[in-house]
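The values are calculated or read from the model by the stated rules, or taken from the named source; none is laboratory data. Owing to the predicted nature of the structure, the values given are computational and were not obtained by experimental measurement. Please note: Cβ atoms are built from the backbone with ideal geometry, for glycine as well, and neighbour counts cover all protein chains shown. The accessibility values were calculated without ligands, DNA or RNA, using every heavy atom of the protein model including side chains. Shrake-Rupley method; radii C 1.70, N 1.55, O 1.52, S 1.80 Å.
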Amino acid sequence: MIIVTGATGRLGAKIVEKLLDHVPADTVGASVRDPGKAAALAARGVRVRAGDFTDPSTLDHAFAGADQVLVVSASIRGPQAAGANVAAIDAAVRAGASRVHYTSHQAASPDSLFDLGRQHASTERHLAAQDVAYTSLRHGFYTSTLEHYVPAAVQTGEFRLPQDGPFSWTAHADLVEADVLSLTRPGVLDGLTPPLTAPDLLDFADVARVLGEITGREIKRVVVDDEEWKETVVAQGMPAAAAEFTLGMFRAARAGQFAVTDPALENLLGRPAIPVRAVLEDIVRLQP
């Protein structure tokens with residue numbers, strides 16, 4: 001039995017879908033906060049049970065009988081993120097899983113300027129201290145993050161954002177495939193993985209150039225002071241805490257904390273990684 005948490009989320013849902021190409025549905029368990037949203041998985045024979053990282057009492061039932069558990073990191077900001085992830089790891093160990101997999105980040109570090117990097121590092125320390133085999137999948141920076149910025153850039157012709165630096169932009173589809181290979185090929189990835197990234201590093205100026213080539217329009221990269229940017233987006237309705245969280249991403253980028261690539265992902269997949277341009281083309285194609 002392979003349990004995947006967050007199986008109705010963006011990453012978890014894709015992992016379960018890909019996993020079903022490799023193993024029988026009755027050997028897959030989906031741990032979700034709302035089982036009703038996983039009705040289609042249940043109809044395919046997947047075992048669907050309610051499990052909420054913030055309510056650890058639900059996880060023992062959700063993880064019962066697990067041989068492997070893939071803990072998809074909680075979509076929570078702040079110190080409570082690591083606490084939620086730890087609760088899931090502890091439940092997987094109680095369930096008797098032979099291996100616990102965890103979706104981490106290539107920039108996981110207690111010194112990261114990006115809050116998620118610090119939360120992942122804290123979770124990894126806890127996972128490594130357990131008496132269980134584990135794989136911490138250090139994902140590259142999700143290219144899907146660009147979905148938050150590309151529509152406005154296409155509309156206005158400008159990326160008006162704080163100063164940044166290179167990002168290890170990596171497509172969800174590639175990371176999903178890597179996660180599934182980790183689940184279905186015993187020992188292919190063990191412990192802390194190398195950074196699972198595409199090979200190219202691009203900052204937002206590079207993204208603006210590629211986006212301009214795709215759209216046939218000039219897209220300018222305009223650097224905005226951190227506090228000016230924060231004031232603008234908060235005035236537009238973004239919660240102040242979310243704005244500060246996002247600023248952490250830009251601060252970490254300009255400190256070079258995402259400027260790391262590694263051939264491990266492409267070697268594992270046995271093919272080139274999906275380039276940023278292909279993802280940008282998809283984002284543009286979906287614009288009204």
Quick one: which residues, 5+ away or cross-chain, put their amide H under 5 Å from the amide H of LEU70? H built at 1.01 Å from N.
-> ILE3, VAL4, THR5, HIS101
Shape metrics for region 65-159, restricted to C-alpha atoms - Rg then Dmax, Å | 16.0, 54
Give me the log10 of I(q) over I(0) for region 1-138 at q = 0.15 Å⁻¹, as the Debye formula computes it from C-alpha points; what are the numbers?
-> -0.66
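Order MET249, MET1, most accessible first, counting only protein heavy atoms with a 1.4 angstrom probe. Kindly include the intermediate steps, with their values, before the conclusion.
On the way: MET249 10, MET1 60 Å².
Sorted descending by solvent-accessible area, the residues read MET1, MET249.
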To the nearest 10 degrees, how steeply does helix 172-184 sit against the main Cα axis of the chain, on a 0 to 90 scale?
-> 20 degrees
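Considering only DSSP beta bridges whose two residues both sit in the chain, what percent are antiparallel, to the nearest 5? Could the numbers behind the result be given before it?
Working: 2 of 33 bridges.
The antiparallel proportion sits near 5 percent.
When the accessible area of region 31-119 is split by element with a 1.4 Å probe, what percent falls to carbon and sulfur? List each step's numbers first, then the result.
Numbers: 1930 of 3700 Å².
With neighbouring chains kept in place, the figure for region 31-119 is 52 percent.
Can you tell me what share of the DSSP beta bridges in region 1-70 is antiparallel? A percent to the nearest 5 is fine. Intermediate values should be presented prior to the final figure.
Details: 1 of 12 bridges.
Counting DSSP beta bridges with both partners in region 1-70, the antiparallel share is about 10 percent.
Once neighbouring chains are kept in place and the probe is 1.4 Å, which whole percent of the accessible area of region 181-240 is contributed by carbon and sulfur?
50 percent
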To the nearest 10 degrees, how steeply does helix 276-285 sit against the main Cα axis of the chain, on a 0 to 90 scale?
-> 80 degrees
Kindly report the accessible area of region 28-164 per residue (heavy atoms of protein chains, probe 1.4 Å, no ligands, DNA or RNA), in Å².
-> 40 Å²
Considering amide H positions built from the backbone, and no H for Pro or chain starts, which residues 5 or more places from ARG160, or on another chain, come under 5 Å of its amide H?
-> VAL222
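Do any GluC sites (Glu not before Pro) in region 197-285 lie in a DSSP loop with no more than 16 other beta carbon atoms within 10 Å, and if so, which?
Listed in order of number, the matching sites are GLU218.
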Tell me which residues come under 5 Å, amide H to amide H, from LEU202 once H is placed; ignore anything under 5 positions away on its chain.
-> PHE167, TRP169
Antiparallel DSSP beta bridges within region 123-247, percent to nearest 5 | 10 percent
Return the Cα extents of the chain along principal axes one, two and three, sorted largest first, each rounded to a whole Å.
-> 55, 36, 35
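Ratio to report: Rg/Rh of region 211-288, with Cα atoms as the point set and Rh obtained by the Kirkwood method; give two decimals.
Working: Rg = 16.7 Å, Rh = 15.8 Å.
Reported Rg/Rh, Kirkwood definition of Rh: 1.06.
Across every pair of different alpha-carbon atoms, what Kirkwood hydrodynamic radius in Å does region 162-283 reach?
One over the average 1/r among Cα pairs gives 16.4 Å for region 162-283.
Can you give the calculated 222 nm mean residue ellipticity of the chain, where each DSSP H run of n ≥ 4 adds -39,500 (n - 2.57) and the sum is split over every residue, rounded to the nearest 500 deg cm²/dmol? Display every interim value, and only then the final one.
On the way: 12 runs with 122 residues, N = 288.
Value at 222 nm, helices only: -12500 deg cm²/dmol.
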Compute the whole-percent fraction of alpha carbon pairs in region 157-218 spaced more than 14 Å apart.
-> 68 percent
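Taking Cα pairs under 8 Å and at least six residues apart, what relative contact order does region 22-108 come out at, in percent? Intermediate values should be presented prior to the final figure.
Working: 125 pairs, mean separation 22.1, N = 87.
Over region 22-108, the number comes to 25 percent.
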Sequence-separation-based contact order of the chain, relative, with Cα cut under 8 Å and 6+ spacing, percent | 17 percent
Helix axis angle, 80-94 relative to the chain longest principal axis, alpha carbon, degrees | 20 degrees
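Just the accessible area per residue of region 166-222, please: how many Å² with a 1.4 Å probe?
Details: 2170 Å² over 57 residues.
Value for region 166-222: 38 Å² per residue.
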